[in-house]
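The values are calculated or read from the model by the stated rules, or taken from the named source; none is laboratory data. Note that this is a predicted model, so its numbers are computed, not measured. Positions of Cβ are backbone-derived with ideal geometry, glycine not excepted, and every protein chain shown enters the neighbour counts. Note: accessible area is taken over every heavy atom of the protein model, side chains too, but ligands, DNA and RNA are not part of it. Shrake-Rupley method; radii C 1.70, N 1.55, O 1.52, S 1.80 Å.
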Amino acid sequence: MPELDFPGLDQAAQAAFRPHFAEVERRARRRRRRTRVAGAAALAAVVVVGAGAVWRGLPSGDGGDRYGTLGPPIALDRTPDFVPTPAPSASPGANPPALPTVTGWMLAGDLRRLYLRYRDCEGENCAIRLAATVDGGANWESYPLPVPDNSLVGLRVVAPRTLVAEVQTRPKRDDGVIEGDRIRQFWLASTDGGVNWREIQITEVAAVPETYRPLEWLPDIDGLTVLAADPATGEVVRLAEQVPLQHARVIEGRAAGAGLWVTGWADETIGSVREENGTVSENVAIFSGSAIGVSSDGGRSWRRTVLPEDIEAGGNAGAAALAIGDQVAYAVGQVDGELRVYRSVDQGRTWRRTAARAQVGDRMIHASVRPDGALLIQAGILAGENPMMFESLDRGERLREIPVGPGASAVAVPGGYAQHGTQDSSGGWLSSDGIAWSYVGPPTINR
């Protein structure tokens, strides 16, 4: 498993106080098909998020206590824009604001149980907490995560009350000094909605059990395996064999028994690349051959299909965006700024390019199959990109542009569907039918 770049993440966390998300996404898109061979660690899996919370004298890692009161969700005159315009960044040299928490994505166990992981900071020391609601966001409670302060925690919700967390921390000696570059990595699981946690050990398996749910995990460039969690117990397993794709990404949201789907690249070469500023980067991994891998036996065997074009959807791993329905699947991406849609009706064995066309430029692409069978495609995730959304009612043959809204990144949860907000929003979107959506805002914090 790749280790995280703590100094780099610390800088990223500081920069998050003054977001420049458009620049972050621009850089991510520019390097998505090439990666430096050295130091290709996966950061996105553990970006820390936050919300308001109650602190009732809960012990912190440094022996101090933190207190606060939980306010109601933010009162809104109207539902906020699905892609909000970010607040202005601080000017160069300005002092960063004193923020008690860092905000981020809301995760859903079902339409009532929602979770927010957050950092409660005093100076440079941050305790890691979890805010949870069981009534769709009307009321929130807060619980401590049993991890040292300033830990990196990647949270996943695999059932309404079952959560797992990957933790990486830098241990301290008794005198409080960090022990060099040593990193401790471990996993936690909760089956009561985050109230109580236990440490778990990952088990290596030849095949992922049918009821387990894959965990999206961004690997280094040396290969990808599959991590999956038991919705009943929170136990995590790792597939012994690697997936036969490079720089790939596993698709979440479906039990392993419904098939494991992976998007990535068929080939990798090492070479030099001329950057936009004219400098030449050496020893760079360059990926080609947009490919899709599917396993119907828990990962014992894989069918790999290489598409005739190098379509890509953006981001730091994977190639095409995959949208998977009951009877049809789509691979969506762009080539030279033009949208491409490939369709499979035989569980990924064969793929046919549709007649769909649209100019989307270099925007990041998301796609999903709506419960009524419609294909939804969102191109662009930031307000500065002028995002676009398309709908197809004829299995991807024709696209019509529609107002941008939730759906293209939705995941199925008991009772309906959920989609977290963008990088500029810590709220979430919920729907009972995948068509009509309501917004749930985060709680506020009073100190």
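Descriptive notes on the structure:
- A 1.4 Å probe run over the protein chains yields, for the range 364-410, 40 Å² of accessible area per residue, whole-number rounding.
- Computed over protein heavy atoms with a 1.4 angstrom probe, the accessible surface ordering of Tyr118, Tyr143, largest first, is Tyr143, Tyr118.
- The range 270-347, accessible area per residue, ligands and nucleic acids excluded (1.4 Å, Å²): 40 Å²
- Ranking Gly299, Gln327, Ala285 by Cα position along the charge dipole of the range 274-333, where only Lys, Arg, Asp and Glu carry charges on their C-beta atoms, puts Gly299 farthest toward the positive end.
- Cβ-derived FRET efficiency at R0 25 Å, Ser432 paired with Glu391, nearest 0.05: 0.80
- Relative to the Cα centre, the charge distribution of the range 349-447, modelled as +1 at Lys and Arg Cβ and -1 at Asp and Glu Cβ, gives a dipole magnitude of about 320 debye.
- By a 1.4 Å probe calculation restricted to protein chains, Asp81 has an accessible surface near 90 Å², given to the nearest 10.
- For the range 398-413, putting each phi into the Karplus relation 6.51 cos²θ - 1.76 cosθ + 1.60 with θ = phi - 60° gives couplings of 10, 10, 10, 6, 10, x, 6, x, x, x, 6, 10, 6, 10, 6, 10 Hz, in residue order, rounded to whole numbers and with x for Gly and Pro.
- Percent accessible area from carbon and sulfur atoms, the range 320-396, protein chains only, probe 1.4 Å: 45 percent
- Here the contact order of the range 279-421, divided by its residue count and restricted to Cα pairs under 8 Å and six or more residues apart, works out to 15 percent.
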